[in-house]
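The structure under discussion appears below in the form of structure tokens.
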Amino acid sequence: MAEAPPAKAGTPQDAPQAAESTVPLVGIVYDEEMTKHHDLEDDEHPEQPARITSIYGKLQEAGLVDRCVRFQSKKATREQLLLKHTAKHVDAMMKLESLSEADAIEQGHKYRSVYLGPESTQAALLSAGSVIEGVSAVCRGEAQRGICVVRPPGHHAECDCAMGFCMFANLSLAVAEVHRTGLSHRTLIVDWDIHHGNGTYKLFEDDPAVLFFSIHRYDNGRFFPGGPLGNYTTHGSKEGEGYSVHVPWDVRGGLKRGHPTPGDSEYIEAFDKLLLPIAADFQPDLVVVSAGFDAAKGDPLGLCNVSPRGYYELMQKLLTLANGRVVVVLEGGYNLESISVSMLACARALLGDEMPADEDDDDDDEEEEPVPRPPPHHFHADLIEKVRVHQAQFWPSLCREGEEVSQHAAGELRVPAAALKGTLAEMEAALREHATCEATLEGLRHRQENVLFKLDEVPPDPHHVEMQRGWQALRSAFELSDHSPPYLLVSIVVQNPDQVVRCLSVAMQSGATGAFLVNNGDAHSPEEAAMSTPGVQKATLKGPSGGAAGKAGKAQLEALAEAFAAARDAYPAAWIGLSVPQLPPSQVFKWIASHCPTANAAWIHGLTAKAADVEWEEVKNGDESEWKTVRVDKWYNDHQASLKGVLRERAIATWKGIVFGDVAVDGQTRVHHEQDAETMCEACQELLRHWTVIVSSVCDIVVTSKKDRTSLCSLAKLQAMGGVTPLALMNSGQVAEGEAVGGYRSAVDVSIVDGNALAAMGQKSQEAFAGSQFDLDREALVDWVARWKGKAEA
């Protein structure tokens, strides 16, 4: 087991003490010059200047700034930057201020989730330098504690690159500086930002003089920055082995199982069971907090539930360490209100104030007696226990009486090589031969699935998913509607303008939110362009028309445009989208802009998006056979040429409506044999989810259905695809019965009914349907809408 390094001169016994009554209690550093760094392409980027002005304004409003000594903001020197960064990286960041805006923006595109401009250099130097000065001032005894309200943040920046909104490793540079100057010798870094501090970890992973504790959202490596680095099994290297402790929440996994996300109880449990015992062994002389507030209630990225009261109590616990010598450094957090009240709570704890009742976590709670905090949820408590067992090999205080601690992760199962090659039957036989019991067999199957499908190699969620842009688009698309999700849309098959207006009238009167118009090849303008073969004909806006089929396709588009114009004239305020299967996805936006510019949405089909290369095997059972997935050969990210072309055309089009796109619907190649099943394995879930991620890089809302659309899509499929971007369910009029409808309502954001199929279901005979197959059945549609809404109200 690793032991803490021996005490040196300058450890808690010899370090400058903060107990002198003449020393100011708290110092603060802030400089409005840091607001000059902003995204030149996106005024609504979450890492915005208002983050620090909002926090500082909240502290001023509460009268706390006047009670703090003001630390001088300073720019980091080149010598200080080189403590943790390469000269090449420092030069690249310094060069920005000499570039044009366009060139600086282009430089930002070279990094992962970073924007840059000519003003970014000075802001980043101020951010890093101010943290260095704030931490150094506390260590020099100019204040007992400190607050650094700075941006851009720093904990993602690595030695040789900017990353995740971060340019320089602010906090890491400050710790390196006070170690260099002898002001601190044993520093505890607590990173409670919702994202793993990959930069901080890498910069100190082999340093036993720094204990790094990170509590973050991990989601099995899918959450930014992604990969295995943030898992609890990563614990430092070389002499620093055991000096990195990770608490990786599986927020997505919990939500899929219906569990609440981590909040006060879970964070406090992690501090009590892990951080405080380890810190007691380590005996730090300084505590520095990477204080991102994106785990706070209301943050759009983290989706966790830490309250201001929770942050207040976490800070109180940290103040019991290092003689109370604690410095708080702002990292992330993207809800202006939640980051402001969270930092305010931390400042109150640093100043020794009580937490005012009107700043507590439940402002709407009128009860006079405080509600007892619930115990941590078992799903997240189990994770804390796994961390404890793993870290017990390094820290004696985590060992329980009589517990034997292995140098390897407990319960590690090794899959034999024979169970990873050959046919499915051969691999299963090898697994059964290796297993000692049924419980072991299940564990081995899970591990085998993980290896065969390379579940540790699924690319992390890209920037657009983390920013939740799909839900922002959904809110914008329906903001003028008086409906609430799931929004109910009707797909109207076009025959002629008068028929479309009649159908739209029925849809609006039935209580639906809106309608999609689709020409399945039944309408042409001019009519003589129709071909003898019915159905959709492909057209192109580029080059030759493509012969008779191409002309028919264009005639179908013209008929769709005429039907839309009639519908818009009759219902100017109606929500009307267009399904355009006649055109390649990249050409839809330009066509709508020129022919139907007031359309609310486009539904594109035939999008080429690949989630993974999947190997299949035909499994025979008597006279019947079934194709089953065996393994994944390669996972793909969203940087696919076909997607980039569509995204580029969407960006330059003048039409800016919301975009729907298909995933796992009829006619598309399957990614797993269980994708329409009522229950599905983890590999199937990951394939469906990642397919959704890929398509969401182009589309705001993903549409899915059961393969044949004649029965209701499985809830397991919807749950696997959920949480990435808004999800739409397409069906022929089915609605779950009884309490099950609630599960479907919570799983989808939009429900689309095939009006043509619904009309067929409402007719008592095929003859009656044949006479009015393009008109909506008012009674059937009203019943469908009522069953969706009425069941929920019941």
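The values are calculated or read from the model by the stated rules, or taken from the named source; none is laboratory data. If you're wondering where the values come from, they're calculated on a predicted model, not measured in any experiment. As a convention, Cβ positions derive from the backbone with ideal geometry for all residues, glycine included, and neighbour counts pool all protein chains shown. Each accessible area value is taken on the protein alone, full model and side chains, heavy atoms only, with ligands, DNA and RNA left out. Shrake-Rupley method; radii C 1.70, N 1.55, O 1.52, S 1.80 Å.
Here are some notes:
- Farthest towards the positive end of the charge dipole of segment 96-184, among the residues Gln122, Val178, Ser98, is the Cα of Val178, using unit charges on the Cβ of Lys, Arg, Asp and Glu.
- Overall form of segment 631-756 per C-alpha gyration tensor (a/c, 1.5; a/b vs b/c): oblate
- Helical contribution to [θ] at 222 nm, DSSP H n ≥ 4, -39,500 (n - 2.57), averaged over the chain, rounded to 500: -11000 deg cm²/dmol
- Leu211 long-range amide H proximity, modeled H, under 5 Å: Thr187, Leu188, Ile189
- If you sort the three axes of the alpha carbon gyration tensor as a ≥ b ≥ c, you get a/c of 1.5 or more for segment 224-328 and a/b no higher than b/c, which makes it oblate.
- Rolling a 1.4 Å probe across the protein heavy atoms gives segment 489-540 an accessible surface of 40 Å² per residue.
- Segment 282-323, Rg to Rh (Cα coordinates; Rh as Kirkwood inverse mean 1/r): 1.08
- For the chain, with all protein chains in place and a probe radius of 1.4 Å, 49% of the accessible heavy-atom surface sits on carbon or sulfur.
- Extent of segment 47-144 along its three principal axes (Cα atoms, max minus min coordinate, largest first): 43, 30, 22 Å.
- Accessible area in square angstrom per residue, segment 95-195, 1.4 angstrom probe: 25
- Reach of Lys386 by Cα under 20 Å, taken over lysines that are not fewer than 8 positions away in the same chain: Lys273
- Based on alpha-carbon atoms, the Kirkwood radius and the radius of gyration of segment 69-203 give Rg/Rh equal to 0.97.
- Relative protection proxy for 555-566, 141-152, from highest mean packing down: 141-152, 555-566 (other beta-carbon atoms within 10 angstrom).
- Rounded to two decimals, the Cα-based Rg/Rh of segment 91-148, with Kirkwood Rh, is 1.18.
- Per residue, segment 548-673 exposes 45 Å² of accessible surface when a 1.4 Å probe is rolled over the protein heavy atoms with every protein chain present.
- Once the Cβ-Cβ distance of Arg78 and Thr598 is raised to the sixth power relative to R0 = 51 Å, the FRET efficiency obtained is 0.35.
- Computed across the chain, the Kirkwood hydrodynamic radius from all distinct Cα-Cα pairs reaches 29.1 Å.
- Residues with amide H under 5 Å from that of Arg145, placed H, sequence gap 5 or more: Val26, Gly27
- Accessible-area value, His89, 1.4 Å probe, nucleic acids and ligands omitted, Å²: 0
- Selection of trypsin sites (Lys or Arg not before Pro), segment 599-688, meeting DSSP coil and at most 14 other Cβ within 10 Å: Lys656
- Within straight-line reach of Lys36, meaning a Cα separation under 23 Å, sit the following lysines at least 8 residues removed in sequence or on another chain: Lys58, Lys74, Lys75, Lys95, Lys110.
- Cβ-Cβ FRET estimate between Asn637 and Ala280, R0 fixed at 51 Å, reported to 0.05: 0.75
- Label-to-label distance, nm, for residues given as Lys628 and Asn450 (7 Å Cα→Cβ offset): 2.2
- Cross-link partners for Lys590 among the lysines, with Cα-Cα distance under 25 Å and sequence neighbours closer than 8 places in the same chain left out: Lys538, Lys542, Lys551, Lys554, Lys610, Lys644, Lys656.
- Theoretical FRET efficiency, 1/(1+(r/R0)^6), r = Cβ-Cβ of Asp382 and Glu433, R0 35 Å, to 0.05: 0.70
- Cα centroid separation, segment 169-195 to segment 225-250 (Å): 17
- Taken about its Cα centre, the chain carries a charge dipole of about 1900 debye when Lys and Arg each add +1 at the Cβ and Asp and Glu each add -1 at the Cβ.
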